[in-house]
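S.K.: This is the structure I want to talk about, given as structure tokens.
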Amino acid sequence: MRRTLAIKKASLTADRILEELKKCGVTHVICLPDAEGQFLYQALTSRPDFTVVPVCREGEAIAIATGLMLGGKDPVVLHQN
């Protein structure tokens, strides 16, 4: 007789992503808002847990994150792909 395991599939939602970032101690989220990531951007801007820093180009996000790290913060950079 074959046994089957019940595997619970976890859905990836903006709230779950943000909870994991919070657990990691992230203070700032530097991102280039886009159509595909709109769900995450909207969730970010509605929560006081993070400071959201929107940028115009991905290249400037790294410089901003570096400055925040030098200032003692824990940023993360989000971008397409």
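The values are calculated or read from the model by the stated rules, or taken from the named source; none is laboratory data. Since the model is a prediction, treat every value here as computed from it, not as a measurement. Cβ: placed from backbone, ideal geometry, glycine included. Neighbour counts: every protein chain shown. Just the protein is used for accessible areas: all its heavy atoms, side chains included, with ligands, DNA and RNA removed. Shrake-Rupley method; radii C 1.70, N 1.55, O 1.52, S 1.80 Å.
S.K.: Taking into account only those residues within region 50-70 that are of a type outside the set (Val, Ile, Thr) and open to solvent by less than 60 Å² (accessible area, probe 1.4 Å), which is nearest to VAL26 (Cα to Cα)?
M.R.: So, considering only residues that are of a type outside the set (Val, Ile, Thr) and open to solvent by less than 60 Å² (accessible area, probe 1.4 Å), the one nearest to VAL26 (Cα to Cα) is PHE50.
S.K.: If PRO33 satisfies every condition in (1) free of Cβ contacts under 8 Å to residues at least 24 places away in the same chain; (2) in contact with a Pro (Cβ under 9 Å, 6 or more places away or on another chain); (3) more than 21 Å from THR13 (Cβ to Cβ) but one, which is the exception?
M.R.: Answer for PRO33: the failing condition is (3).
S.K.: Can we say ALA43 is in a helix (DSSP H, G or I) and open to solvent by less than 40 Å² (accessible area, probe 1.4 Å)?
M.R.: yes
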